[in-house]
Amino acid sequence: MIERFQRLPEALRAAARWERLGDHRVPAMLVHPDWESGSSAPAVLWMHGRTVRKEHDPARYLRLMRAGIGFCAVDLPGHGERGTPPLTGPHHTVRVLRQMHDEIDSLIDALRQLGVFDMKRLAIGGMSAGGMVALARLCSEHRFTCAAVEATTGSWTHPAHANMFPGCPREDLAGLDPLTRIDGWREIPLLAIHTVGDELVSIEGQRQFITALRGRYHDPSLIEFVEYTQTGAPYEHIHFGKMSADAKQRQRDFFARWLES
């Protein structure tokens, strides 16, 4: 077994299966709460942030599994099992976001064909770049029940994000920018978690997006926006530091509530 798989907690490793899914053969780590039962479990499609891989942050996955929720964690283009080091750099962020966005539907079809996940109780989420992909995908027709994102933004062209897409023309962002495509968003429960002092993804852009989204909801209480003031995490961005357990528990409870697990 590959070393990074061996480093996963034993309980998670025992419940995990590694597959390549969809038309693009995307590397995925699949976990079902009980493969042997034959039961159809709710599931979360989760996308990590830039420069890491799908096996990152196993504590998140353990919480979901123990709550009876399955998941499919995938490698972003150029990351993990499909690593191409140049694609982990900020100049290629838009390329990574666009490709991952375009792969999601094929991934979902592959999950459906497995027959072990309840496609009527399917969530999407991600951290940082992965969260950006999730928000972008939710701006057109989809089958997701709810969504949760962390340290990310739905307002890509906000002035506070000028350094996030170096050398990328504004028009290249507009085609996927969730804020400019918000009319296509369907009203579903959303949990967004951020830190006020995030140095990599400014909270100002996410505040703008959440405000605009709430303005479109008949029931704005379906949107939970958690703002931590200070966590001690690297760049106030990565895993929320001293608030990490709180963030993971909030997300676990959110998914359990809306996926009825």
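Quick notes
- The residue that is modelled with the lowest pLDDT, among those in the stretch 8-26 that are surrounded by 19 or more Cβ atoms within 10 Å (Cβ to Cβ) and in a strand (DSSP E or B), is A16.
- Scanning the stretch 182-203 for residues being assigned to a strand (DSSP E or B) and in contact with a Phe, Trp or Tyr (Cβ under 6 Å, 6 or more places away or on another chain) gives a total of 3.
- Number of residues in the stretch 204-229 that are within 17 Å of the chain's Cα centre (by Cα), β-branched (V, I, T) and assigned to a helix (DSSP H, G or I) equals 1.
- Residue match in the stretch 252-261 (condition: at positive phi, charged (D, E, K, R) and touching a strand residue (DSSP E or B) at 6+ places or on another chain (Cβ under 7 Å)): yes
- Any chance G130 is in contact (Cβ under 8 Å) with a residue 40 or more places away in the chain and more than 15 Å from the chain's Cα centre (by Cα): no
- Matching residues, the stretch 1-60, being farther than 10 Å from C72 by Cβ and of a type in the set (G, A, S): A11, A14, A15, A16, G22, S37, G38, S39, S40, A41, G49, A59
- Cβ-Cβ contacts under 8 Å between residues 6 or more apart (or on different chains), taken from a first residue in the stretch 97-120 that is under 27 Å from D177 (Cα atoms) to a second residue that is part of a helix (DSSP H, G or I) and among the β-branched types (V, I, T), are listed as L97/V133; M100/V133; H101/V133; I104/V133; M119/I108.
- Subset of the stretch 138-156 (residues that are more than 16 Å from L191 (Cβ to Cβ) and crowded, with 16+ Cβ neighbours inside 10 Å): C139, H142, S155, W156
- Each residue in the stretch 27-81 was checked for being more than 20 Å from L111 (Cα to Cα), buried (at least 24 other Cβ atoms within 10 Å of the Cβ) and without any contact (Cβ under 8 Å) to a residue 60 or more places away in the chain, and 1 of them qualify.
- Selection status of L179, of a type outside the set (S, T, N, Q), assigned to a helix (DSSP H, G or I) and either modelled with pLDDT under 95 or out of contact with any Phe, Trp or Tyr (no Cβ under 7 Å at 6 or more places or on another chain) (or both): no
- Total residues in the stretch 106-161, condition of a type in the set (A, V, I, L, M), within 18 Å of H194 (Cβ to Cβ) and not in a strand (DSSP E or B): 9
- Residues being over 22 Å from E227 (Cβ atoms) and β-branched (V, I, T) - total across the stretch 160-214: 1
- Any pair with Cβ under 7 angstrom, 6 or more apart, that starts in the stretch 184-203 at a residue that is among the charged types (D, E, K, R) and ends at one that is part of a loop (DSSP other than H, G, I, E, B) and surrounded by fewer than 17 Cβ atoms within 10 Å (Cβ to Cβ): E187/Y217; E187/H218
- Any chance S221 is crowded, with 17+ Cβ neighbours inside 10 Å and at pLDDT 95 or above: no
The values are calculated or read from the model by the stated rules, or taken from the named source; none is laboratory data. Remember, predicted model here, so these are calculated numbers, not experimental data. Methodologically, a virtual Cβ is constructed for each residue, glycine included, from the backbone with ideal geometry; neighbour enumeration extends over all protein chains shown.
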